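Heads up: the structure comes next, in structure tokens.
The values are calculated or read from the model by the stated rules, or taken from the named source; none is laboratory data. Predicted, not measured: the structure shown is a model, and the values here were computed from it. Here the Cβ positions follow ideal geometry from the backbone for every residue, glycine too, while neighbour counts run over all protein chains shown.
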Amino acid sequence: MTSSAGDPRLLRALSGEVLPRPPVWLMRQAGRYLPEYRALRATAPDFIAFCLDPEKAAEVTLQPMRRFPLDAAIVFADILLIPKALGQKVWFETGEGPRLGELPPLEGLWSHVEGAADALSAVGETLSRVRAALEPDRALIGFAGAPWTVLTYMLEGRSSDRSRARALAYEQPERIDALIDVLVEATWRYLAMQVSAGAQALVLFESWAEGLPQDLFERLVIHPHARLLSRLRQAGVAAPLVGFPRGGGSLVAEYAKRVDVDAVALDTQASAALGKEIQASGRAIQGALDPQLLRAGGVALERRVDQLLDQWGDGPYVFNLGHGVLPDTPVQHVERVIRQVVDHG
Ligand code: CP3
């Protein structure tokens, strides 16, 4: 991916450019910490229907853009829309989280792969609406869950410690690899559709890479990400892709070497050295402020933001959290951090 001086700051950083100050956006920047989000959410009891309502989803995507000088919007959707598009029932229990129905047999899942992007065309409609409303110097991000993370929900039926999913990776390796294949094929189509609809950069959320030994990390994270990326590039999709192998620990360095993502998103544990090592290979990094510190605020937060800007600011860098904004985060803390980054350099 190449970019030019007139491009949105995010796209310049993702193409490897070092800027006087990094672009900034926050995972879960649209969400429950914002009163205007809670107000609109209260009008839509069904979370999945809310994600698939382009008018409401576009509005929620734009809410943080109106409040803060963010460099990018991320489309309001959820990683669990893919299982739904593949024919598995998905719903959210109020106050508890996601629930998934029985996993359909493989042939059933395969029968939905070609049509997965069409089944989620409402997300494309949201992207088009947001792109039309957003200033040209602010980028629009599309996303999907990575195959392993999405599969953990499909197998376990809810948020869990993923132990059953990991056990199955050993007990039924062929079945698990076949399910990962289904997800690779559905997910690249979904991401390609998002780019056609207006997404200018993509994030692949591997939220549950933690706890995987090296062989499973290679099999369930590195290989599927590499395949997904090559399918996207073969299909002519040039938009930069950010990979987020959250919890990958010491294996993240290996991930960065082996998966040709444009940027690696780092979690809260990432060392300064790990980020620098990835930057030295010409790749951008994103991260890695602790959402708990964002919630706590104060001088410690200010110092940590400066430290991150200093330690990574002389390489290609996208300022972000190491995971999503927590629902009880004071809005002023978010405001202050974004200001601090924007006023830097
Ligand atoms: O602002 C943004 O970042 C865009 C929107 C977004 C949501 N989910 C909206 C959402 C994004 C990028 C996601 C990704 C997502 N969804 C991930 C990967 C990132 C991560 O956090 O690790 C995962 C694992 C999910 C699955 C999911 N969605 C869970 C486990 C839950 C329940 C837990 C919770 O926070 O409530 C959700 C619900 C969800 N997705 C909410 C939002 C704003 C809260 C739902 C509500 O409003 O009641």
For residues that are assigned to a helix (DSSP H, G or I) and among the polar types (S, T, N, Q), scanning just the range 253-303, find the one that is surrounded by the most Cβ atoms within 10 Å (Cβ to Cβ). Q279
Would the range 326-333 turn up any residue that is within 15 Å of the ligand (Cβ to nearest atom), at pLDDT 95 or above and in contact with a strand residue (DSSP E or B) (Cβ under 7 Å, 6 or more places away or on another chain)? no
I need the full set of residues from the range 102-119 which are under 18 Å from L151 (Cβ atoms) and surrounded by 14 or more Cβ atoms within 10 Å (Cβ to Cβ), in order please. L103, P104, L109, W110, H112, V113, A116
Taking the options E185, E156, E125, name whichever one is closer than 26 Å to W91 by Cβ, among the acidic types (D, E) and within 14 Å of the ligand (Cβ to nearest atom). E156
Could you tell me which residue of the range 30-44 is surrounded by the fewest Cβ atoms within 10 Å (Cβ to Cβ), considering only residues that are farther than 13 Å from P64 by Cα and within 10 Å of the ligand (Cβ to nearest atom)? A42
Pairing a residue in the range 83-106 that is without any contact (Cβ under 8 Å) to a residue 12 or more places away in the chain with any residue that is of a type in the set (K, R) and within 11 Å of the ligand (Cβ to nearest atom), where Cβ atoms lie under 7 Å and the two sit 6 or more apart in sequence or on different chains, gives E93/R99
Looking across the range 65-80 at residues that are without any contact (Cβ under 8 Å) to a residue 60 or more places away in the chain and within 11 Å of the ligand (Cβ to nearest atom), the single one that is surrounded by the fewest Cβ atoms within 10 Å (Cβ to Cβ) is D78
Residues of the range 22-40 that turn out to be among the hydrophobic types (A, V, I, L, M, F, W, C), assigned to a loop (DSSP other than H, G, I, E, B) and closer than 22 Å to L202 by Cβ, as a count: 4
